[in-house]
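Working notes, beginning with the structure itself.
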Amino acid sequence: MGNKVLITGAGLGGLTAALRLAKRGYRVEIVEKHSTAGGRLNQIKKDGFTFDMGPTFFSMTYEFDEFVKDAGIQLPFTFRELDVLYTVHFRGTERKYIIYKDLDKLAEEFKDVEPDFRKKMDRFLKSSAGFFYDVEYKVLKRNYDNIWDYLLAMARVPPRHAPRLWRSVWNEMEKHFQSREVKEIFSLVAFFLGATPFDTPAIYSILSYTELVHDGYHNVEGGMYKITEGLLSELKKQDIPIHYNTEIVDSRQNNGKITSMVDHNGKEWQADIFLVNSDAAWFRGKVLKHAAYTDEKLDKMQWTLAPLTLYLGINKKIDDVPLHNYFLGDNFEEYSKNVFKNSVTFEKPYYYVNVVSRSDPSSAPEGMESLFVLCPVPDLRFKSDWSDRDEIVSNIINDLSERMNIDLKKHLVSQTVLTPEDWGNAFNLYKGSGLGLGHSLKQTAGLRPKNFDEKYKNVYYVGASTIPGTGLPMAVISSKLVVERITKNHGLLHA
């Protein structure tokens, strides 16, 4: 029985799957298009500043605990739990809301705008908790062989949860809260999934439970890229090679199996099993040429937001700005419903700011700060022309300067900007979609692209656009599920 696995892509899903497979006796080799590992969990170093390229915090740390136990390694990085999760600023007022994990402190923040906030929040979180525990193992953490498997799993979910399938996150907020501020702030969880609260099913309001009660939010000591570096150190210990600057563009087949993947230089990479950590939908169409994943059909799917990201180094300390911050306007519903269809001007954009050096002082020279700014924008289906990039960036910096009471342009000593085009080109993200396929009802759990190929019986998928979905812990769960499937189909080997 063949035991060599070629993994295409060194994102979090690919790296964790590699270590799980190695523990089971498989010989693993990785090819990666980019010059460094990590996928979107990457890093930028410039002008003496260091920035996490994508994710800046996460929840469900216990999935990493499960992973290291399964892979037989020690956790090669250190979590740091956040007490202040983030702050939210509304345009037109100097008032900012501090989102604490401590529910008593949180209630104090909203006592003036939401009567009986603590009582309402407790009821909302209790409802979310019930749903979370009823679906975590029955629906989320499992493989599906076909649509009937999925329907059977859904049938095991208590009927009382059914209304959440048809409500949006925003509808769920309106069911529990009255004030505009509370509804807007706690519906931001939809943006973490790369969508808006108006088109995200209410089932994902369980994220509020994970952030406030279940596990909270964490970042990593020394920066999020320490996750990637730690995993790479474990791969090195086990002599698992990674070949960088190697893009897979084609394949060779025989008798219903892939025999080799072909890179951009024409080199063939042979293996017995192929695990794809590139986008599962994009790869099926672009590389394997599956008829169900042509550009025309991909365009009709729901994709997540595209990122416009700014990496700014300033020669001034801003001690009064917390680690994680959201800057919102005064037209939340209108902006949210129109931004992804390119029906806003970006004159007054909504955006997120991470003061990287607040958590990791080594990321900026002494007396300076490193800032990461993420502005959700339309993907390239709706906004293909980014010739106005500099104007939009200027609008963001001007707005942030006004709201932080600091002239950022005066103190700016380093600036890097990535548009959806840049993100798409770097990591083969379809039309620049930042987090892969969205989480509409038609693309949830067993309705997402499967983690095994429909045509080739030795090809599998791991990552954001297959099960269970997008996000760091989801990628780790995805690696667990696909390795379970590989070992079920090909056997548990011995090193």
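Values in this text are rule-based calculations from the coordinates and carry no lab data. If you're wondering where the values come from, they're calculated on a predicted model, not measured in any experiment. Here the Cβ is made from the backbone with ideal geometry for all residues, glycine too, and neighbour counts use every protein chain on show.
Per residue of the chain, the DSSP helices (runs of n ≥ 4 H) give a summed -39500 (n - 2.57) that works out to -9500 deg cm²/dmol at 222 nm. Assuming a ≥ b ≥ c are the square roots of the Cα gyration tensor eigenvalues, decide whether the range 191-268 counts as rounded (a/c under 1.5), prolate (otherwise, with a/b larger than b/c) or oblate. Oblate. Where (1) 140; (2) 182; (3) 156 are the candidate values, the label of the one calculated here for volume of the Cα convex hull per residue in Å³ is (1).
Compactness check for the range 1-141: Cα Rg over 2.2 N^0.38 Å is 1.46. To the nearest ten degrees, helix 225-237 and the longest principal axis of the Cα atoms of the chain are 20 degrees apart.
Between the range 457-495 and the range 50-104, how many Å separate their Cα centres? Centre-to-centre (Cα) distance: 25 Å.
Dipole magnitude for the chain: computed about the Cα centre from +1 point charges on Lys and Arg Cβ and -1 point charges on Asp and Glu Cβ, it is near 1660 debye. Put simply, when 54-65, 248-259 are sorted by average Cβ atoms within 10 angstrom per residue, most first, you get 54-65, 248-259. For the Cα atoms of the chain, what angle does the longest principal axis make with the long axis of helix 117-135, in degrees from 0 to 90, nearest 10? Approximately 10 degrees, to the nearest 10. Using only the C-alpha atoms, the convex hull of the range 251-364 corresponds to 213 Å³ per residue. Taking every lysine pair in the range 102-215 that is 8 or more places apart or spans two chains, those with Cα atoms closer than 16 Å amount to 11. Protection proxy ranking of 98-105, 384-391, by the mean of other Cβ atoms within 10 Å over each peptide's residues and highest first, is 98-105, 384-391. Of all DSSP-defined beta bridges confined to the chain, some 70% are antiparallel rather than parallel.
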